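The values are calculated or read from the model by the stated rules, or taken from the named source; none is laboratory data. In this text the structure is predicted, and so the values were computed from the model without any measurement. We place every Cβ from the backbone using ideal geometry, glycine too, and count neighbours over all the protein chains shown. Ligands, DNA and RNA are excluded from the accessible area calculation, which covers all protein heavy atoms including side chains. Shrake-Rupley method; radii C 1.70, N 1.55, O 1.52, S 1.80 Å.
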Amino acid sequence: MKIDSATLHRVRLPLKHSFQTSSHRKDHLEHVLVRLTDETGAVGWGEIASPSDPFYAPDTVETSWLIATEYLLPAILGREVEHPGRLGELYGKVRGHRFAAAGVDAAGWALWSRMRGVPLAKALGGERETVVAGVSLGIERTIDELLEQVQRQVDAGYPRVKLKIAPGWDVEPVKQVRAAFPALNLHVDANGAYLDIPEHRALLRELDNFELAMIEQPFAPRALLPSAQLQESIETPVCLDESVDTLDDLRTAIALRAGRILNIKASRMGGLTTAVAAHDLARDAGWPVWCGGMHEFGIGRIANVALSSLPGFTLPSDVSASDKYYARDVVFPPLVAQHGAVAVPTTPGLGVEVDEDFIAQHSHQTHRKQSS
Ligand code: OSB
Ligand code: MG
């Protein structure tokens, strides 16, 4: 395929329920939607799901926009690419900025699979017809409000619930949720909020008593040695998220036994191409994986569903239905979960319609470039 034009839309949508992690609180999200066309006029969409602030990763919406418009799109426009897996080679000199690259890579995959007449999931090597969805719950003001949120998601049929934790919001909420939901598949995500100090290590070891499916990203992204020491001292598997941006990070984490489970986010790893390679590497190492989310709108969310259909994704993924976060989504039909499972689309490309009118209404910045 030859990339003939590229359009970016900066789109802001309100969240139904504000979301707080160890680092920030959000009541709306702004993502950049990438629209690529080829010489035949076929269209592929991808999503740059960077948070607005550099608290999860160094990226922001502004930096992603800058890198996409100044470096990534100029590198791919007018170029012949035989396979989306090779798109990244065209902008391989760009270091970091993986959220921006992920949106471009995903649009390339969507375009290519659409042209080839295959569902994105099949193009990626997916095998499942449905994927099991978990939900991620932010830090609430009170434990009662948290219990109410957990009940709501259990009632909605989700079989796995993850709780955001931070020092001061960990052992007590987890103890109470576990007491109220003894059989629930429950896990916690610290987004790196714990320090390698005795008080924090003690809190994390206490969490070993609640039969959690995993403790996700307890320490800072680069703190692989403390993570390995913690894993050595507890039964609960440690799951890595922010620590693994690249395949080399994953090889190092596996060699150090810095965890036992990997959260694969295409957004964090620069796209679907690297996500699939991480899946293969983790499988060879015996690490189960699941697909993490960044509160994606429908375009990124449906790509995550496609990715989660690969065989190594044996744990529930953060691919909850659109209505967990958004009153109205940018795709049609919106994603729905039935008994906690989301169907993998079976029609070519993304397998959903992109609502371009709705996107235009909510877009407050646009950039368009045509190959010369
Ligand atoms: O660590 O998984 C995370 C959202 C923003 C930043 C980091 C994370 C998250 C989530 C969202 O947990 C999960 C989802 O998209 O459903
Ligand atoms: Mg996480």
When the stretch 33-57 is examined, which residues are found to be under 21 Å from A360 (Cβ atoms) and assigned to a strand (DSSP E or B)?
L33, V34, R35, L36, T37, V43, G44, W45, G46, E47, I48
Exception for A275 within (1) touching an Asp or Glu at 6+ places or on another chain (Cβ under 8 Å); (2) closer than 16 Å to G103 by Cβ falls at (1)
Restricting the search to the stretch 265-297, which residues are among the aliphatic types (A, V, I, L, M) and away from ligand 2 (no atom under 11 Å from the Cβ)?
A266, M269, L272, A275, V276, A277, A278, L281, A282, A285, V289
Of all residues making up the stretch 116-163, the number that are part of a helix (DSSP H, G or I), closer than 30 Å to T274 by Cα and among the basic types (K, R):
2
In the stretch 251-260, which residues are in contact (Cβ under 8 Å) with a residue 12 or more places away in the chain and either under 21 Å from R86 (Cα atoms) or open to solvent by 10 Å² or more (accessible area, probe 1.4 Å) (or both)?
R251, T252, I254, L256, R257, R260
I need a count of the residues in the stretch 283-333 that are touching a Ser or Thr at 6+ places or on another chain (Cβ under 8 Å) and of a type in the set (D, E).
3
Within the stretch 171-207, tally of residues that are surrounded by 15 or more Cβ atoms within 10 Å (Cβ to Cβ) and either of a type in the set (S, T, Y) or within 16 Å of R160 (Cα to Cα) (or both):
11
Can you name the residue in the stretch 131-149 that is in contact with a Ser or Thr (Cβ under 9 Å, 6 or more places away or on another chain) and open to solvent by less than 70 Å² (accessible area, probe 1.4 Å) and is also nearest to ligand 2 (Cβ to nearest atom) among such residues?
S136
Going by the conditions given, is G286 open to solvent by 10 Å² or more (accessible area, probe 1.4 Å) and either touching a His at 6+ places or on another chain (Cβ under 7 Å) or in contact (Cβ under 8 Å) with a residue 60 or more places away in the chain (or both)?
no
With the structure loaded, tell me whether L315 is within 16 Å of ligand 2 (Cβ to nearest atom) and either modelled with pLDDT of 95 or more or open to solvent by 10 Å² or more (accessible area, probe 1.4 Å) (or both) or whether it fails that test.
yes
I'd like to check something: does the stretch 208-218 contain any residue that is out of contact with any Cys (no Cβ under 6 Å at 6 or more places or on another chain), open to solvent by 50 Å² or more (accessible area, probe 1.4 Å) and not assigned by TED's automatic domain parsing to the domain that holds V11?
yes
Matching residues in the stretch 36-76 (closer than 21 Å to S5 by Cα, open to solvent by 50 Å² or more (accessible area, probe 1.4 Å) and either touching a Ser or Thr at 6+ places or on another chain (Cβ under 8 Å) or hydroxyl-bearing (S, T, Y) (or both)) number 2
Could you run through the stretch 18-32 and say how many residues are within 22 Å of G168 (Cα to Cα) and assigned to a strand (DSSP E or B)?
5
